[in-house]
Each structure stands twice: as C-alpha cells, then as structure tokens.
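Accompanying notes for the structure given below.
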Amino acid sequence: MAEAVVIGAGLAGCEAAWALANAGHEVTLYEMKPEKYSPAHKSPGFAELVCSNSFKSTRPISAAGLLKEEMALLGSLTLEAAKETAVSAGGALAVDRDLFSAAVTKRILAHPKIRTVTGREITEVPEGNAVIATGPLTSQAMSDAIGALCGEKYLSFYDASAPIVAYESIDRERTFFATRYGRGEADYINCPFSQPEYDAFYDALVSARSVELPPFEREYFKVYEGCMPIEVMARRGRDTLRFGPMRPVGIRVPWTGHRPWANIQLRRDNTEGDLYNIVGFQTNLLFPEQERVFRMIPGLQNAQFLRFGVMHRNTFLNSPHLLDRCLRLRKRESLYFAGQLTGVEGYMESAAAGIVAGRNLARQLAGKEPRPLPADTMLGALCAYISDPAVAEFQPMGSNMGILPPLEQQERNKELRYTKMARRAMDSLGRYLEEETA
Ligand SMILES: Cc1cc2nc3c(=O)[nH]c(=O)nc-3n(C[C@H](O)[C@H](O)[C@H](O)COP(=O)(O)OP(=O)(O)OC[C@H]3O[C@@H](n4cnc5c(N)ncnc54)[C@H](O)[C@@H]3O)c2cc1C
C-alpha cells in the first residue's frame, strides 16, 4: 500500500491518519508539540481541546447530534475516545480533556500503520500524498508555505463573521428585496428602521455583553481595524452606524415611499438561498445577547440563527475557491486539507473533516476516485457548503440544520422536519457505505 503524510496531530490530523491507516496505508503523522506550541495549546498530547470540553448535543435530530451519528458510522476515532472519557453533561457529550487526549494518543501510537514524529514543525507543503491539518493556529512558517501555494489572498487569519439567519424565519411583511439605487439584481433583503426603532436598537447594542477574548487574541484584534465588531463601531457615536453598515442611502421603503432612518441589508449566503447573513455585522457579543439584540432588527423578530457572529484568531482557507467536496486542493490532486483550516467550525466538525480527507486520500492511493459524501448528510452538506463557489464572502461554518437541502415534501413542524431530515441523512449515508463495499 502507498504512503501518506499527515501534518498536525489535532482532532482532524488524528482522524485523517486513522482513516488512512485503517484503509491499509502507511502514514507518517507529524506534530510540532512539545517542541513548539501555538498560543492556545498547552499539553503535549494529541487531539488537545484548547477551550471548552464539550462536543455539544447528542440529540440525533439536532445538527451536532446528527453529525456525531454520521461520524460513528464512518468509524470516528475521536468520537469513540469521547464516549470512553465522557463526563456527565445533560444532553451534551462532554469529556475529561486529559483522558480524552490520552485515549486518542494511545490509539494513534498503538496503530501499526502509523509512524508519529513529534517535536517537528513542518515548514513546507509536502510534494507527495498529504493531508495538512495544522489547525486554526497553524505555525507561521506553514501559513506562509500554504499562502505561497494557494495565494495569500485565499488565506485568512481571523474570523470576523456576521450572524446567519434562516430565510424562512425572516418576516417578509416587514422587509423587502432591493439594491441600493435599484442598481443590478434586487438580491438583498432590506430591514428598514424608523428613528425610534433605531434608537432602541442602538441602546441595546452598545450595552450588550461581549465575549472576553484571551490576551493573545486581544492583542491581535487591536491591530486589525478592518474586523472591528459592530458593537465597538457603534460606541464611536450614535450616528456612526447610520453612515456605515446601516446607511439608508439609495433605499426607499416600498410601503412609505420614503428613505428609512437606517437600514440593514441581508445577503444571500448559499446557492439554495435559504441562508442570509447580516451584512457588516461581525460581532463579538455573547450568543444569547446576539439573539436578544438582533431580534430587534425589523423583520428578524423571530429569526432563527443558524450561525452566530464570532471573532477570533483562526487561520482558514477560502475553500470555495480552492477545495473540492472531498477536501482535495483542486490545483494539486495529491494534497488534502482537513480540520478548522478548511473553514469548518468546531471540534467535531474539524474531526469530521479529518475523516473526509483521510478516507478520500485513502481511496486515491488505492487507485480509486475520491467520492463526496451525499449532500443530504450533515457532513456532506458541510463539505458542499465550504466548497461551494457561490458562497459570498466565505466565513467558517459549523454544522446546522439550515445547510441541509429542504425535504421534497414541505414539513412545517420543526421537530418533525428535523426528524425526517436526520432519517434521510442516515439512510443516505448507509446506502453510500454499502455501495462502497459492494
Ligand atoms: C482559542 C480557540 C478556542 C476554541 N474553542 C473551541 C470550543 O470551545 N469549541 C469548539 O467546538 N471549537 C473551538 N475552537 C475551534 C476548533 O474546533 C478547534 O480549534 C479544533 O481544535 C480544531 O481542530 P484541528 O484539528 O483543525 O486543529 P488543532 O486541534 O489545533 O490541531 C492542529 C495541530 O497541528 C499542530 N501544528 C500546527 N502547525 C504545525 C506545523 N507547522 N507542523 C506540525 N504541527 C503543527 C498543532 O500543534 C496542533 O496540535 C477553538 C479554536 C481556538 C483557536
């Protein structure tokens, strides 16, 4: 069997190495710890959890739960280790982080097909068959090497994401499609504010509570004016937003014929048009605060938030321009990316992306074509989203029910809808795996 290299023994790298090795290939897994640590990594073990110890919900009809069910079918190493080291956490899967890392490390070290090289920072992109899984805090030298290969403009160093809401949850009676001055296609949904609405929104925004960033991130964001959170911009003055992301110029409200006092635009975020992001609203507010304050936007009073805004240090590729649905670099077929670096967001999503990259490189090494997962599975939909060239201004994405294609027959009851979507996903994945062994 052929040989492959995996760089980074985080969640994604361990899963990629595991999938490759279980398919019978010889793998060399490189990790720079304990010689060199990112600002967030502290312990020498593999698959270190740098912050929370939770892998979110296990409910099969939630996005996080469905993703786990799929990962279990795909033979996930990290999920198995997580179940073994779980601590009590209600409906969530949370782990003892040290035991979890030790359980993953032990399995990797014991695998006869995996050779591990620790304390080695890789500074060049390998020429041969490889998976790069160096994570959101990829070392500088490797970032430079990836930038040189893929193009500097296709590599980002921080998330500055605005929230994304479900199209179906936007009140279409209080909003309207239009572009500024009526130029071009009317692609934006506009949320017009009266003066009292603006004042109330402004007061809530500037007094809402934010996430406390760790010192290394605070220093980083001080330097970057371009990714200023909306709440920080708002504190510069009551009217600053009305001359910035909430400017009403070129907009007329169809039912009054007048310009609104302020206006927020929502931009379509995917090909299907069922996700919309709040333009210019990158934010660092706590998630419950985002829900409370942004539901004051006219038309978003019942908004379903599919992704909350986040701001943190995060190295990630502009994957829609670079990767295919199997996480292979379009311009170099022997090279795959995995984990947070591909623009997925979250522990389990990163690990799951490692499975996708590892399985597909394994197929390729066995002389087969890579094979994308069905788009109606959570993991398949995530890969489809991050490699969809129609995604405007790409920002990382976690698993959520909104990225799954709609059911053939509309189902208004949310619980039933999610149940059917989850069943469809598991059936699809089951068929996909049967076909693979047939
Ligand atoms: C500060 C911070 C907090 C986060 N908190 C959460 C959270 O609470 N919940 C959540 O779901 N997600 C969180 N995330 C996002 C993400 O889920 C995790 O970062 C996750 O660990 C990503 O997995 P990964 O395998 O892609 O990268 P990592 O787990 O970071 O693994 C990458 C590995 O590559 C190694 N490496 C880096 N460069 C090189 C190199 N050049 N050569 C060799 N090895 C290298 C690193 O040492 C590391 O071991 C957080 C991210 C950050 C940055």
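The values are calculated or read from the model by the stated rules, or taken from the named source; none is laboratory data. Since we're looking at a predicted model, the values are computed, not measured. Every residue, glycine among them, receives a Cβ derived from its backbone with ideal geometry; neighbour counts consider all protein chains shown.
Got a sec? Which of PRO215, PRO248, PRO163, PRO196 is at pLDDT 90 or above and either under 27 Å from the mean Cα position of the chain (by Cα) or closer than 30 Å to ARG412 by Cα (or both)? Spell out how you get there, then give the answer.
Details: PRO215 fails: at pLDDT 90 or above; PRO248 fails: either under 27 Å from the mean Cα position of the chain (by Cα) or closer than 30 Å to ARG412 by Cα (or both); PRO196 fails: either under 27 Å from the mean Cα position of the chain (by Cα) or closer than 30 Å to ARG412 by Cα (or both).
It is PRO163.
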Problem set entry | Options ALA186, ALA160: the member that is more than 11 Å from the ligand (Cβ to nearest atom) and assigned to a strand (DSSP E or B) | ALA160
Exercise. Can you name the residue in the stretch 1-43 that is in contact with a Ser or Thr (Cβ under 8 Å, 6 or more places away or on another chain) and of a type in the set (Lys, Arg) and is also surrounded by the most Cβ atoms within 10 Å (Cβ to Cβ) among such residues?
Worked result: LYS33
Exercise. Can you name the residue in the stretch 405-436 that is touching a helix residue (DSSP H, G or I) at 6+ places or on another chain (Cβ under 8 Å) and of a type in the set (A, V, I, L, M) and, of all such residues, is surrounded by the most Cβ atoms within 10 Å (Cβ to Cβ)?
Worked result: ALA425
Problem set entry | Qualifying positions in the stretch 386-410 - farther than 19 Å from LEU155 by Cβ, touching a Ser or Thr at 6+ places or on another chain (Cβ under 9 Å) and assigned to a helix (DSSP H, G or I) | MET401
Problem set entry | Candidate set: the stretch 199-212, residues that are surrounded by 14 or more Cβ atoms within 10 Å (Cβ to Cβ) and in a loop (DSSP other than H, G, I, E, B); chosen: the one modelled with the lowest pLDDT | VAL211
Problem set entry | Matching residues, the stretch 122-153, being under 22 Å from VAL50 (Cβ atoms) and touching an Asp or Glu at 6+ places or on another chain (Cβ under 7 Å) | SER139, ALA141
Exercise. Looking at this structure, is LEU74 farther than 30 Å from PRO215 by Cα and away from the ligand (no atom under 12 Å from the Cβ)?
Worked result: yes
For this session: For the stretch 131-150, indicate whether the set of residues that are hydrophobic (A, V, I, L, M, F, W, C), assigned by TED's automatic domain parsing to the domain that holds THR58, over 22 Å from LEU365 (Cβ atoms) and in contact with a helix residue (DSSP H, G or I) (Cβ under 7 Å, 6 or more places away or on another chain) is non-empty.
Result: yes
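Suppose we filter ALA141, ALA94 for residues that are touching a Phe, Trp or Tyr at 6+ places or on another chain (Cβ under 8 Å) and more than 21 Å from GLY358 (Cα to Cα); which single one remains? Give the steps one after another, and end with the answer.
Working: ALA141 fails: touching a Phe, Trp or Tyr at 6+ places or on another chain (Cβ under 8 Å).
The match here is ALA94.
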Problem set entry | Hits in the stretch 34-45 (condition: near the ligand (Cβ under 7 Å from one of its atoms) and within 18 Å of LEU99 (Cα to Cα)) | HIS41
For this session: Assess whether ASP144 counts as being among the charged types (D, E, K, R) and either within 9 Å of the ligand (Cβ to nearest atom) or within 20 Å of SER350 (Cβ to Cβ) (or both).
Result: no
Problem set entry | Matching residues, the stretch 4-30, being among the charged types (D, E, K, R) and either outside the structural domain of LEU109 (by TED's automatic domain parsing) or under 15 Å from ALA47 (Cβ atoms) (or both) | GLU15
